[in-house]
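*Asks:* Let me begin by handing over the structure; questions about it come next.
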């Protein structure tokens, strides 16, 4: 099944809350939308830090072509993927890009993101534990 495209800013921002897999040529962000009957969607991001517009567009075109040629790699239905390009994408061998993306997609399917808990979240939810003793009442 051919993956769809992510096009709107809220879609890209939502995927940032999912899993992140770092690679030599790009960062792959994934998010399970919870809709297994819908096709996977993929988006591409290249920051201005990576070069001028010509270079950024070239990186984006290379990554789109990698996804197009990866027809055999199963992007999971109901998932969103964002590929954030790095500067090395420009000079990377094309076969290396295909291999790296294939590995990251398969790794994303295997990996479960642990629930992150920290004191701030517990405090906001009213579930925090304190070690402080209650103050004794002042007697006059």
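*Asks:* Just the Cα atoms of segment 47-94, one point each, no solvent: what log10 I(q)/I(0) does Debye give at q = 0.21, 0.22 Å⁻¹?
*Replies:* Debye output, listed in q order: -0.78, -0.83.
*Asks:* Determine the gain in length on full extension of the stretch residue 95-residue 21; use 0.36 nm per residue of separation and subtract their C-alpha separation, reporting nm with one decimal.
*Replies:* Numbers: separation 74, 0.36 × 74 = 26.64 nm, distance 1.92 nm.
Full extension from residue 95 to residue 21 adds 24.7 nm.
*Asks:* How large is the translational diffusion coefficient of segment 4-109 in µm² per second when you combine the Kirkwood radius over alpha carbon pairs with Stokes-Einstein at 25 °C and 0.890 mPa s? The partial results should precede the final answer.
*Replies:* Details: Rh = 13.8 Å.
Diffusion coefficient, whole number: 178 µm²/s.
*Asks:* Related question: Can you compute the modelled spin-label distance between residue 8 and residue 71, with each label point 7 Å from Cα toward Cβ, in nm?
*Replies:* 3.1 nm
*Asks:* Now, a different point. Taking the beta-carbon count within 10 Å as an exposure proxy, list 106, 76 from fewest neighbours to most. Provide the component values of the computation, followed by the final result.
*Replies:* Numbers: 106 12, 76 16.
Ranking 106, 76 by Cβ neighbours within 10 Å, fewest first, gives 106, 76.
*Asks:* Given labels modelled 7 Å from the Cα in the Cβ direction, how far is it in nm from residue 58 to residue 35?
*Replies:* 3.7 nm
*Asks:* What is the antiparallel percent of DSSP beta bridges lying wholly in segment 4-109, to the nearest 5? Walk me through the numbers on the way to the answer.
*Replies:* Values: 11 of 18 bridges.
That works out to approximately 60 percent antiparallel.
Values in this text are rule-based calculations from the coordinates and carry no lab data. Remember, predicted model here, so these are calculated numbers, not experimental data. Because the Cβ atoms are built from the backbone with ideal geometry, glycine has one as well, and the counts that use them run over all protein chains shown.
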